[in-house]
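Below is one structure, written out as structure tokens; comments come after it.
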Amino acid sequence: MDIYDQRSSAPIFIAFVQAGSRVGYRWETERGAPCEVIWLDPEPGQESSGSDYEQYIEELRTIEQQTFYRGFLQPPTEDEYYLVWETVDGCEDDYYPD
């Protein structure tokens, strides 16, 4: 079964993220479960102005804590999508199509 067959739109989309001055994107499910970030520019160096680098690190930690699909830089396959949800404690049944 194809997860796209039962929906009016794709269950996975691209979301842009920013940590300090660094910009990237990641794939997210329609329920907000994101894959890892693909950064478009290099990490700022520690020699950057102190508050800019500290802001980057703080926002980066928040982004990393939100990452649900670790190790995925592209959308998970249908099998991978459901396998991850099956391993999550408290996963609700509405994540699975009928």
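Of note:
- Residue list for the stretch 19-35, restricted to those being out of contact with any helix residue (DSSP H, G or I) (no Cβ under 7 Å at 6 or more places or on another chain) and modelled with pLDDT of 90 or more: Val23, Gly24, Tyr25, Arg26
- Residues in the stretch 74-86 that are at pLDDT 80 or above and in a loop (DSSP other than H, G, I, E, B): Thr77 alone.
- Applying the criterion of being hydrophobic (A, V, I, L, M, F, W, C) and within 15 Å of Tyr25 (Cα to Cα) to the residues of the stretch 49-76, the residue that is nearest to the chain's Cα centre (by Cα) is Phe68.
- Residues of the stretch 25-69 that turn out to be assigned to a loop (DSSP other than H, G, I, E, B), of a type in the set (S, T, N, Q) and exposed (fewer than 15 other Cβ atoms within 10 Å of the Cβ), as a count: 2
The values are calculated or read from the model by the stated rules, or taken from the named source; none is laboratory data. Remember, predicted model here, so these are calculated numbers, not experimental data. Virtual Cβ from ideal backbone geometry, glycine too; neighbours counted across all protein chains shown.
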